[in-house]
Amino acid sequence: MNAPVMAIAELADRNPTRSTLELLGLARRLAGRAHAIAALFTDEADKAPQELIAHGADQVGVVQHEALGAYHSEAWVTAAAEVCREVRPSLVIACHSAIGADLAPRLAFRLDTAVATGCVDITREQEKFLFTRSCHGGNAREVISFRSAPVIATVRPGYHEALPRNGDRGGELISMAPDLSGAAKRVRIIERRPDAEDRARLENARVVVAGGRGLGGPDGFRTLEQLAQVLGGAVGASRVPCDLGWCPRSWQIGLTGRTVQPDLYIAVGISGAGHHMAGCGRAKTIVAVNTDPDAAIFKEARWGIVGDYHQIVPALLDEVRKRRRAA
Amino acid sequence: MPGEMHIVVCAKQVPNPDAAFSMFRVDEAARRIVAAPGLQLVMSPFDEQAVEAALRIRDRGREVKITVLTLGPESARGVIKHALAMGADEGVLVDDSVFESADSYVTAHALAAAIRKLGGCDLVLAGRQAADDDAGVVGAGVGELLGFAVIGFASNIEVDGAIVRVERVVDDGSEIVEAEMPALVTVSNELGAARTPSLRETMRAARKPIALWQAAALGTSVNGAAQAQRAVERVFVPLKENRCEFMAGSAAEQAAGLAERLYAAKLI
């Protein structure tokens, strides 16, 4: 197959996100002898194209337009459809982020093709792509293929490796200028309400301490914050505390919400249902504290404590502080 | 637009997602996940929140007619009845054996065709993803096929004349967007809990109309699973080869045991 594999890039502070770099690594591997093309939609390309090339893009299709300063669904879908018509990829992949999860299904229907969302793996069998995606609240997996073209997919973070950065890699920049005037007007962004905390805090954290329904209320998060601080980590939550207003929405980790990949994930009062594990299952080591010895979380955890967090977490804090003082 | 607004809510019936996953099994030959017989069938939770969003538009004073639309077998009538008991006005069940094992592509075409047939729709609401497939494709697909403005992951929906104003969830917070209707909006859990049906509304619901349509009535050429774009190669449950080591003793001893292991593993 000579048709290129296209990866849709996302930027944060004008640099490709970590998920985008993982996506490029996957695109490069799947493209084989064909090109891996990064599609970049932005108001100001700056150094992003060079970074995309350094991480595996053979070509970068740049659509630069003032309407593309931040994600704008209609403008990005229109731009992506136009790039696809010019570049004719066999496969288009996007990050399974709020951007990709919105963009990919729309792009699929715009191109009268089909899409696989939330993929944990994509492989190639001669002319056919196989998509392994999670379903049933993250509990099951299905492997699917499509008969339409191009095939479109979103890829979950944490399942693929980015290529090491290679500043000497060569690549081509292709400028494209589709007409986005109509798209930009159709849906107007009136106001942005960014979270008080930087999302990178949770997504880049090496240690995450998360609380669930078992905390019983908002106060438990104060204790978890102390533990996170002493461990140099970040605090997160399962969906229930967020829905109940016990903590900020931006702390939600799960099938919807944030995906984290820390070295250490401490789950306190979290049952371990599939839709939560979908957001933290890639953690290298999971530790669980729960009063229920049969909680599903213990099937995921390396170390577990059956107990009341009101006693356990302060005791753990004491242990860590003790060791810090001794060190 | 003056007068009454027409909202169509797309809802899907799924096996109860709160049931333990052990109640499901993999049918390898059929390449499907099968729920234990007798497992309760419910409206997919995000779709329930879409019904709630429609009702809140009415609560805020706008005159609305709310139609709940579902593609499914006869059992899916239960989803319509639940929406009617919440306060929706009428239902449409698209039930035809040709749709068995339809994929998102076929489902979106069928629902879009049903909405065209209903006519006069100003706003389509749907949950952001279904609790069985987790795909999040059909809602956007319906919007694209109808040529509506599409807005995803709403935590709040308001209407103001011919404009729909949506607060939507993005990766680093939320944003407020506006579009002229007709529009399709998908709803996320941030919208808040759906109301439980009152006794009064449940009794009223028994008199509300539910239409039954089959594939031929829809007037689309994509009218059955034969047009599906997706083939299922395999379905499985990932093996969990995990052995959890439990700390023993008092709270202090358990904490000490854990701390020791975390330090030894250089995790903290």
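Bear in mind these aren't lab numbers, they're just calculated from the coordinates by the rules spelled out. Values in this document were obtained by computation on a predicted structure and should not be read as measured data. Cβ coordinates were reconstructed from backbone atoms using ideal geometry, including for glycine residues, and neighbour counts include every protein chain displayed.
Label points 7 Å out from Cα along the Cβ direction at A:E225 and A:D294: separation in nm?
Rounded to a tenth, the inter-label distance reads 3.6 nm.
Label-point separation (nm) for B:E4 and A:D168, each offset 7 Å from Cα along Cα-to-Cβ?
Once both label points are built, they end up 7.3 nm from each other.
So what's Rg/Rh here for the range A:1-127, counting alpha carbon atoms and using the Kirkwood radius for Rh?
Taking Rh as the inverse mean 1/r over Cα pairs, Rg/Rh reads 0.92.
Taking 24 Å as the cut-off for C-alpha to C-alpha distance, list the pairs among A:K128/A:K284; A:K299/A:K322; B:K12/B:K240; B:K117/B:K208 that go past it.
Correct reply: A:K128/A:K284; A:K299/A:K322; B:K12/B:K240.
Ranking A:T42, B:T196, A:T291 by Cβ neighbours within 10 Å, fewest first, what do you get?
Arranged by neighbour count, lowest to highest, A:T42, B:T196, A:T291 become B:T196, A:T291, A:T42.
Count neighbours as other Cβ atoms within 10 Å of each site's Cβ, and list the GluC sites (Glu not before Pro) in the range B:88-195 that are DSSP loop with at most 11 such neighbours.
The qualifying sites are B:E100.
Using the alpha-carbon atoms, what tilt in degrees (0 to 90, nearest 10) does helix A:309-326 show relative to the longest principal axis of chain A?
90
Identify all aspartates and glutamates with a Cα-Cα distance to A:K185 below 13 Å; exclude those on the same chain that are fewer than 8 residues away in sequence.
Counting by Cα, and skipping residues close in sequence, A:K185 has these aspartates and glutamates nearby: A:E66, A:E74, B:E178, B:E180.
Below 18 Å, Cα to Cα, which aspartates and glutamates can B:K65 reach? Residues fewer than 8 away in the same chain don't count.
Leaving aside aspartates and glutamates fewer than 8 places away in the same chain, those within reach of B:K65 are B:E4, B:D47, B:E48, B:E52, B:D89, B:E90, B:D122, B:E158, B:D160, B:E201.
Determine, from the Cβ-Cβ distance of B:L41 and B:V237 and an R0 of 30 Å, the FRET efficiency 1/(1 + (r/R0)^6), rounded to the nearest 0.05.
That gives a FRET efficiency of 0.90.
Setting aside same-chain residues fewer than 8 positions from A:K47, which aspartates and glutamates have a Cα under 15 Å from its Cα?
Within the straight-line cut-off, A:K47 pairs with A:E10, A:D13, A:D168, A:E172.
Can you sort A:C135, A:C119 by how many other beta carbons sit within 10 Å, fewest first?
Ordered by Cβ neighbours within 10 Å, fewest first: A:C135, A:C119.
In degrees between 0 and 90, to the nearest 10, how far off the longest principal axis of chain A does helix A:220-231 point, with axes built from Cα atoms?
80
Please work out the C-alpha center-to-center distance from the range A:37-114 to the range A:240-313 and express it in whole Å.
After rounding, the separation between the Cα centres reads 34 Å.
Which percentage, to the nearest 5, of the DSSP beta bridges contained in chain B is antiparallel?
Approximately 45 percent, going by the DSSP bridge assignments.
Could you give me D for the protein assembly as shown, from Stokes-Einstein at 37 °C and 0.692 mPa s, where the hydrodynamic radius is the Kirkwood radius over C-alpha pairs? Units µm² s⁻¹, please.
132
Quick one: angle between helix B:77-86 and the longest Cα principal axis of chain B, in degrees between 0 and 90, rounded to 10, please.
Relative to chain B, helix B:77-86 is tipped by roughly 80 degrees.
Using R₀ = 25 Å, calculate the FRET efficiency as 1/(1 + (r/R₀)^6) where r is the Cβ-Cβ separation of A:E125 and B:E28; round to 0.05.
0.80
Kirkwood hydrodynamic radius (Cα pairs, Å) of chain A?
This gives a value of 21.1 Å.
If you count, for every residue in B:126-136, the Cβ atoms of partner chains within 10 Å of its Cβ, what is the mean?
Mean partner shielding for this stretch: 5.
Rounded to the nearest 0.05, what FRET efficiency do B:R195 and A:D13 give with R0 = 51 Å and r taken as the Cβ-Cβ distance? Could you check?
Step by step, r from the Cβ atoms, then E = 0.80.
Going by how many other beta carbons lie within 10 Å of each one, how would you line up A:M176, B:M86, B:M181, B:M43, fewest first?
Ranked by crowding around the Cβ, least crowded first: A:M176, B:M181, B:M86, B:M43.
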